1. Do you know which residues across region 32-74 are part of a helix (DSSP H, G or I) and either without any contact (Cβ under 8 Å) to a residue 12 or more places away in the chain or aromatic (F, W, Y) (or both)?
2. So S95 passes all but one of these: (1) in contact with a strand residue (DSSP E or B) (Cβ under 9 Å, 6 or more places away or on another chain); (2) hydroxyl-bearing (S, T, Y); (3) without any contact (Cβ under 8 Å) to a residue 60 or more places away in the chain. Which condition number does it fail?
3. Answer yes or no as to whether T214 is at pLDDT below 70 and either open to solvent by 50 Å² or more (accessible area, probe 1.4 Å) or among the β-branched types (V, I, T) (or both).
4. State all residues of region 160-184 that are open to solvent by less than 40 Å² (accessible area, probe 1.4 Å) and assigned to a helix (DSSP H, G or I); if no residue qualifies, say none.
5. Any chance region 114-127 includes a residue that's open to solvent by 40 Å² or more (accessible area, probe 1.4 Å), touching a helix residue (DSSP H, G or I) at 6+ places or on another chain (Cβ under 8 Å) and within 15 Å of A145 (Cβ to Cβ)?
6. Out of the residues in region 61-84 that are more than 11 Å from the chain's Cα centre (by Cα) and farther than 18 Å from D180 by Cβ, state the one that is surrounded by the most Cβ atoms within 10 Å (Cβ to Cβ).
7. Of the residues that make up region 62-71, is at least one farther than 23 Å from G152 by Cα and polar (S, T, N, Q)?
8. Specify the residue that is nearest to L72 (Cα to Cα); the eligible residues are those in region 83-101 that are among the aliphatic types (A, V, I, L, M) and assigned to a helix (DSSP H, G or I).
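The values are calculated or read from the model by the stated rules, or taken from the named source; none is laboratory data. Not measured: the values here are computed from a predicted model. Note that each Cβ is placed from the backbone with ideal geometry, even for glycine, and that neighbours are counted across all protein chains shown. Surface areas here come from the heavy atoms of the whole protein model, side chains and all, with no ligands, DNA or RNA. Shrake-Rupley method; radii C 1.70, N 1.55, O 1.52, S 1.80 Å.
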Amino acid sequence: MQRGNLSTVSEFVFVGLSDAPEIRLLLFVLFLLVYLATMAGNITLLIAISTDSHLHSPMYFFLGNLSLLDLLCPTITVPKMLGALLLEHKEISFSGCLFQHFSLIAVVGTEIFLLAVMAYDRYVAVCHPLRYPSIVSTKLCAQLALGTWATGLLNSLLHTSLVFTLSFCGPNRIQQYYCDFPPVLALSCSSTHSTELVILVVAGVLGSGACVVTVASYICILQEILARKSPGIWHKAFSTCGSHLAVVCLFYGTTICTYVRPSSTYSPHWDRVVSMLYGMLTPLLNPIIYSLRNKEVKCALKRV
């Protein structure tokens, strides 16, 4: 079939966690508590960063953007999942699925680029501490933040347009609790090889670029630490970079397991577990990691 507006599917049906009636209520309570804790943690962190003058620095400006992304990510998927668990309302319209897919890919993509920007910020802080205020200026912070959001949105627009211009004329049961592109692609009655190739190439180029910036920044930080050989330098560097490094490992690990592979290796049960990690647990753990590892954040949270 040709691409275009040939879709005969007007809605999709989620076949995810709600297909286990005996534990549906338990899952609803569990995920509701996780979602509320995620909202509370990130909102509190945002309030602390915006109201405490001690946190008005580039590092915390980027951390505020990360908290905003961690608010958006579960909000895109979890309310619909909770509705399916409690009310058994598993259907989502074609346009609703498109919007959910676009929003989620935009948030995930933006977070990848933001983590790279935060790694560069930590590199300048460790390797060029005296020049840090002049290099990472307010103007540069605004430009970098705007660039990450714009790149994430454009990347998502490309992904979404490629996926949802395919034909969907057969099964409409998505083996997931939200509209992610591997299970959506699996439902298309068009050939998806060229779409997958373009998505993998674009995601590979952009994702690799962000990953290279992150890895290169930490290599430079490590070289600087080894070159100084001053007492306490390891502890100081770890206190500066430890939180960000933990968040990077958690985010990249779960995202790579989900997206960096062809759809032929798609496993519904495994993907539900992995998607829970980056869709719910990562946004929950990020503010905890930063608040536990950072004395300034802990003091600000106490004042809030």
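1. Applying the first criterion (part of a helix (DSSP H, G or I)) to region 32-74 yields 32-51, 53-55, 58-74.
Result: L33, Y35, L36, A40, S53, Y60, F61, F62.
2. (1)
3. Details: at pLDDT below 70: no; either open to solvent by 50 Å² or more (accessible area, probe 1.4 Å) or among the β-branched types (V, I, T) (or both): yes.
Criteria not met by T214.
4. The answer is T160, L162, V163, F164, F181, P182, P183, V184.
5. yes
6. As a first pass, look at region 61-84 and keep what is more than 11 Å from the chain's Cα centre (by Cα): 61-65, 75-84.
With the extra rule that they be farther than 18 Å from D180 by Cβ, the set shrinks to 61-65.
Values: F61: 20, F62: 24, L63: 27, G64: 19, N65: 22.
Only one residue tops the list, namely L63.
7. The first filter runs over region 62-71 and keeps only residues farther than 23 Å from G152 by Cα, leaving none.
Looking for residues that are farther than 23 Å from G152 by Cα and polar (S, T, N, Q), one finds none in region 62-71, hence no.
8. L98
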